[in-house]
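Following: one structure in structure tokens, then a few remarks.
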Amino acid sequence: MNLRLIPRRRMAATPLALALGLLLAASASAQVYRSVGPDGRVSFSDTPPAAQPPAPRAEAPAASGNNAALPYALRQTAQRYPVTLYTSSDCEPCASGRKLLREHGIPFTEKTVGSNADVTALQQLTGADSLPVLGIGQQQLKGFSATEWTQYLSAAGYPAQSQLPARWQAPAPTALAPQAAKPAAAAADTADAPAAPADPLVTPRPTATNPAGIRF
């Protein structure tokens, strides 16, 4: 009978090969995790990073009033350099300036000057004694000039062509210095107050030269 002998060293190597194979299989199945630290550094590890809340997303501040419906670029310009038009009634240059702003699609606020209080407020704000006056941010243009107004509006970043939405409406003009309304409580107190007694009627006394007692 022929017997085949297996060398001892080959049999001893078999458990070592099995262990090495298991180790390689475990390494291949291990997952590598990528994490980003607070300082922005990226690191890799075989342990999952601790759960962190998502960073808040930065958002542009909400616009107020009618400007909220404007395109983003135009809204930013209107916030940095708001346009104010000071006008009065029966003022042809004022009407021309208003028309220019509307044709160029400039969002603006109109302040009317029609009372002594308005005139005083205009002089305090602009130092002007005539209309119109156009305010672009801190810049004030006295009198109407289509070329000058267009140049300053362009320098501020306003577009040459209108970008206003189709349904956008300009705010209604308001007085520059509106009259303060009388408090309702004071008006009610005045209405409820009793009327002051009338002075007693004094009948003129007749005299020798004025027998009827007539007074002048």
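The values are calculated or read from the model by the stated rules, or taken from the named source; none is laboratory data. Note that the structure is predicted; figures quoted are calculated from it, not measured. Here the Cβ positions follow ideal geometry from the backbone for every residue, glycine too, while neighbour counts run over all protein chains shown.
What the table below lists for this structure:
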| quantity | calculated |
| --- | --- |
| Within segment 74-111, tally of residues that are at pLDDT below 95 and among the aliphatic types (A, V, I, L, M) | 0 |
| Tally of residues being of a type outside the set (Gly, Ala, Ser) and more than 28 Å from the chain's Cα centre (by Cα) across segment 121-145 | 1 |
| In segment 128-180, residue nearest to Val83 (Cα to Cα) [restricted to those that are part of a loop (DSSP other than H, G, I, E, B) and among the hydroxyl-bearing types (Ser, Thr, Tyr)] | Tyr158 |
| Sole exception among (1) loosely packed, with under 13 Cβ neighbours inside 10 Å; (2) closer than 20 Å to Cys91 by Cβ for Thr112, by number | (1) |
| Residue list for segment 103-121, filter: in a loop (DSSP other than H, G, I, E, B), under 16 Å from Leu131 (Cα atoms) and out of contact with any Ser or Thr (no Cβ under 7 Å at 6 or more places or on another chain) | Ser115 |
| Pair list, Cβ < 7 Å and 6+ apart or interchain, from segment 87-115 residues that are touching a residue at least 12 places away in the same chain (Cβ under 8 Å) and aliphatic (A, V, I, L, M) to residues that are part of a helix (DSSP H, G or I) and surrounded by fewer than 18 Cβ atoms within 10 Å (Cβ to Cβ) | Leu100/Ala146; Val113/Val119 |
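One line per residue, one yes/no per condition, for (1) farther than 22 Å from Asn67 by Cα; (2) loosely packed, with under 14 Cβ neighbours inside 10 Å; (3) touching a Phe, Trp or Tyr at 6+ places or on another chain (Cβ under 8 Å):
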{"residue": "Leu85", "(1), (2), (3)": "no, no, yes"}
{"residue": "Ser88", "(1), (2), (3)": "yes, no, no"}
{"residue": "Leu101", "(1), (2), (3)": "no, no, yes"}
{"residue": "Leu122", "(1), (2), (3)": "yes, no, yes"}
{"residue": "Gln139", "(1), (2), (3)": "no, yes, yes"}
{"residue": "Thr147", "(1), (2), (3)": "yes, yes, no"}
{"residue": "Ser154", "(1), (2), (3)": "no, yes, no"}
{"residue": "Ala170", "(1), (2), (3)": "no, no, yes"}
{"residue": "Thr174", "(1), (2), (3)": "no, yes, no"}
